[in-house]
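A short worksheet on the structure shown next.
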Amino acid sequence: MNRELSRTALVTGANRGIGLETVRQLDRAGLDVVLAARDVARGRAAARTLGSPRIRVEELDVTDAKSVAECAERLADDDVTVDVLVNNAGIYPTDSFFSLDEDTVRRALDVNLMGAFHTCRAFCPDMVRRGYGRVVNVSSGLGALTGNVPSPAAYGITKAALNALTLVMSAAVPGTVKVNAACPGWVRTDMGGGGAPTSVERGADTVAWLARLPDSGPTGGFFRNRRRIEW
């Protein structure tokens, strides 16, 4: 079997929306995929809609370092190596800055930033040891500082922080491990709403593309529609 086709990807927040579509696209590309969801029952229901034997469902709450560690341990016990990590789990609070309460900000930080921090700490060291890895942080242009003030407040701040984590991570690992951020755009999902202009298939395309970069591919970048954009 082609080595690429035997690789395994783990996608967080994958029971719906961009996460589920990323699972579908990676599965169709021939990867084994771990569909990770906080609610394992919803994860299993989502996996059944795809009907692929290469999809494994795992319970994973990215805000809980213990949950992440336990997921990593279960996979290791079954000799499953995570070659590709897609940090898709996220929430979208829309409160204006002066309407925000502390709990909302902390929850956004826990999911949008610390979730990726926890998973990178759990899975990236093995990527470094094996000499191969792809990390995709699903971010947003609403967190870009260039030509934009991150907004809405909690969402933009935490996505800007996720962009910073992407740069820090890419500098912390060798070039054999590619770490990039993706902006899917405004996508027609439960989060984006029915009026969004971008289909979920197109929104997930850049994410899936970054997950399968060749050895000559970029790292430490921010991409939309497979093109580098400003931070």
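Read-outs: derived from the displayed coordinates by stated rules, not from any lab. Please read all numbers here as calculations on a predicted model, not as lab measurements. Positions of Cβ are backbone-derived with ideal geometry, glycine not excepted, and every protein chain shown enters the neighbour counts.
Taking the DSSP beta bridges in region 3-228 as the whole, what percent of them are antiparallel, to the nearest 5? Kindly include the intermediate steps, with their values, before the conclusion.
Values: 2 of 27 bridges.
Bridges in region 3-228 that DSSP calls antiparallel: roughly 5 percent.
How large is the charge dipole for region 30-133, taken about the Cα centre, if only the Cβ atoms of Lys, Arg (+1) and Asp, Glu (-1) carry charge, to the nearest 20 debye? The partial results should precede the final answer.
Details: 13 positive and 18 negative charges, 71 e Å.
Approximately 340 debye in magnitude.
Please give the charge dipole size of region 3-228, origin at the Cα centre, charges +1 on K and R Cβ atoms and -1 on D and E Cβ atoms. Round to the nearest 20 debye.
Values: 28 positive and 25 negative charges, 170 e Å.
Roughly 820 debye, rounded to the nearest 20.
Would you please put 45-51, 74-80, 201-207 in order of how densely packed they are, using the mean number of other Cβ atoms within 10 angstrom per residue and starting with the highest? Mind showing how you got there, number by number?
Numbers: 45-51: 14.4, 74-80: 12.1, 201-207: 22.0.
Listed from highest to lowest mean packing, they are 201-207, 45-51, 74-80.
Expressed as cubic angstrom per residue, what is the convex hull volume of the alpha carbon set of region 3-228?
Details: hull volume 26.7 nm³, N = 226.
Normalising the Cα hull of region 3-228 by residue number yields 118 Å³.
If you take all C-alpha pairs in region 111-196, what percent of them are over 17 Å apart? Please list the in-between numbers first.
On the way: 1863 of 3655 pairs.
That fraction is 51 percent.
Please sort 133-139, 22-28, 55-61 by packing, taking for each peptide the average over its residues of neighbouring beta carbons within 10 angstrom, highest first.
Values: 133-139: 27.0, 22-28: 23.1, 55-61: 21.4.
Per-residue Cβ counts within 10 Å, averaged per peptide and sorted highest first, yield 133-139, 22-28, 55-61.
Rounded to the nearest 500 deg cm²/dmol, what is the calculated helix-only ellipticity per residue at 222 nm for the chain, with -39500 (n - 2.57) per DSSP H run of length n ≥ 4?
Details: 7 runs with 91 residues, N = 231.
After summing the helix terms and dividing by residue count, I get -12500 deg cm²/dmol.
What is the distance in Å between the Cα centroid of region 1-72 and that of region 76-111?
16 Å
Taking H as built 1.01 Å from N, whose amide H comes closer than 5 Å to the amide H of residue 135, not counting residues under 5 places away?
85, 178, 179, 180
Can you check what the net charge comes to around residue 108, using other residues whose Cβ is under 15 Å from the Cβ of residue 108 (Lys, Arg +1; Asp, Glu -1)? Walk me through the intermediate numbers first.
Details: positive: 106, 107, 159; negative: 95, 101, 102, 103, 110.
Counting the neighbours of residue 108, the net charge comes to -2.
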